[in-house]
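K.L.:
Let me give you the structure first, and then I'll get to my questions.
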Amino acid sequence: MDDLRLAPTVGIVGCVLYLLVLAVPYGLVETASAVGAYYSSGALSPLLPGVFALVCIIVLAAGREGRSDPSVAAGASIGMGVFIVALSVLWAVTVPESLVLGLTESTLMEHHRWGVVIAGLLIPIGGTWFARALDLL
């Protein structure tokens, strides 16, 4: 598989992984309202970057398949990816530790917010790799 197909695929996988990591608390915490409080307790909910991850899937897939200009898709995915990571970091550092520890006995929830940030990193990495494969960087 060449870089022109693999790079945007990595970005798409990053978007899907980001969305899956956002869904994890709904399986671990018994009440959905507690998950809503968890996501809304930080400076900005990571569900907003989740919407951008959905858009980024479409952008990267269209660029990979040639349905839109690949250079525009690569640039847009870099921009959206950095935005997703920045908002995720902002949320992760502002969510109260007491709220995270009070949600469930699962130790997975203690590290969930950092998992959200790490999952988001694949998006700008895939976009940057795509731009590099197109000789834009």
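The values are calculated or read from the model by the stated rules, or taken from the named source; none is laboratory data. Keep in mind that what you see is a predicted model, and the values were worked out from it rather than measured. Cβ sites come from the backbone with ideal geometry, for glycine too, and all protein chains shown count toward neighbours.
K.L.:
Assess whether ILE12 counts as being closer than 19 Å to ALA133 by Cα, among the β-branched types (Val, Ile, Thr), part of a helix (DSSP H, G or I) and touching a residue at least 40 places away in the same chain (Cβ under 8 Å).
P.N.:
So ILE12 passes the test.
K.L.:
Considering ALA53, ALA61, which residue is on the phi < 0 side of the Ramachandran plot, of a type outside the set (Lys, Arg) and buried (at least 20 other Cβ atoms within 10 Å of the Cβ)?
P.N.:
ALA53
For (1) at positive phi; (2) modelled with pLDDT under 90; (3) in contact with a His (Cβ under 8 Å, 6 or more places away or on another chain); (4) charged (D, E, K, R), each residue gets a yes or a no:
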site	(1), (2), (3), (4)
SER40	no, yes, no, no
LEU48	no, no, no, no
SER71	no, no, no, no
VAL100	no, yes, yes, no
HIS112	no, yes, no, no
ILE123	no, no, no, no
PHE130	no, no, no, no
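K.L.:
With respect to the numbered conditions (1) surrounded by 19 or more Cβ atoms within 10 Å (Cβ to Cβ); (2) farther than 15 Å from GLY120 by Cα, which one is the sole condition not fulfilled by ALA43?
P.N.:
(1)
K.L.:
Still on this model: Could you list, in sequence order, the residues of the range 64-87 that are crowded, with 21+ Cβ neighbours inside 10 Å and among the aliphatic types (A, V, I, L, M)?
P.N.:
Across the range 64-87, the qualifying residues are ALA73, ALA74, ILE78, MET80, ILE84, VAL85, LEU87.
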